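**Student:** Below is one structure. I have some questions about it.
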Amino acid sequence: MNIKVINHGKRVILRLKGYLDGSSAWEIIRKVNSYRDKEITLDFSEIRDIHSFGWHTLKSRIRKRVILQGIDFKILREL
């Protein structure tokens, strides 16, 4: 998992690249928690594959005010 941080003042975009599995989910969670005072957008446009354990881990631990961008929700219905 590669996470590119794009900082726009009070807003931070985390551009995710690679595969979302359990260890990647924890890496994303730690990165999101380090920007507690900012609005976070997770950009999934360069994610190749989403494993069900990674998605469920991320979903259960992520803050409610995180914006998801570039994600195909049809894929998530299958998980």
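**Student:** Looking at the chain only, what percent of DSSP beta bridges run antiparallel? Nearest 5 please.
**Tutor:** About 35 percent, rounded to the nearest 5.
**Student:** Full-extension gain between Val5 and Tyr19, please, as 0.36 nm times their residue separation minus the C-alpha to C-alpha distance.
**Tutor:** 3.3 nm
**Student:** Then there is this: For the stretch 2-77, what is the convex hull (Cα atoms) projected area averaged across all directions, in square nanometres?
**Tutor:** Quarter of the Cα hull surface area: 4.5 nm².
**Student:** Further question on the same structure: Kindly provide the helix-only [θ] at 222 nm of the chain, computed as the sum of -39,500 (n - 2.57) over DSSP H runs of four or more divided by all residues, to the nearest 500 deg cm²/dmol?
**Tutor:** About -9500 deg cm²/dmol.
**Student:** Students often get this wrong: which residues of the stretch 44-72 have the backbone nitrogen under 20 Å from the point 7 angstrom along Cα-to-C-beta of Arg30?
**Tutor:** Only 51, 53-63 fall inside the zone, counting backbone N under 20 Å.
**Student:** When ranked by the protection proxy of mean other Cβ atoms within 10 Å per residue, highest first, what sequence do the peptides 51-63, 15-27 form?
**Tutor:** Descending mean neighbour count gives 15-27, 51-63.
Read the figures in this text as sums done on the coordinates, not as results from a lab. Everything numeric in this text was worked out from a predicted model, so none of it was measured. So basically every Cβ, Gly included, is an ideal-geometry build from the backbone, and we count neighbours across all protein chains shown.
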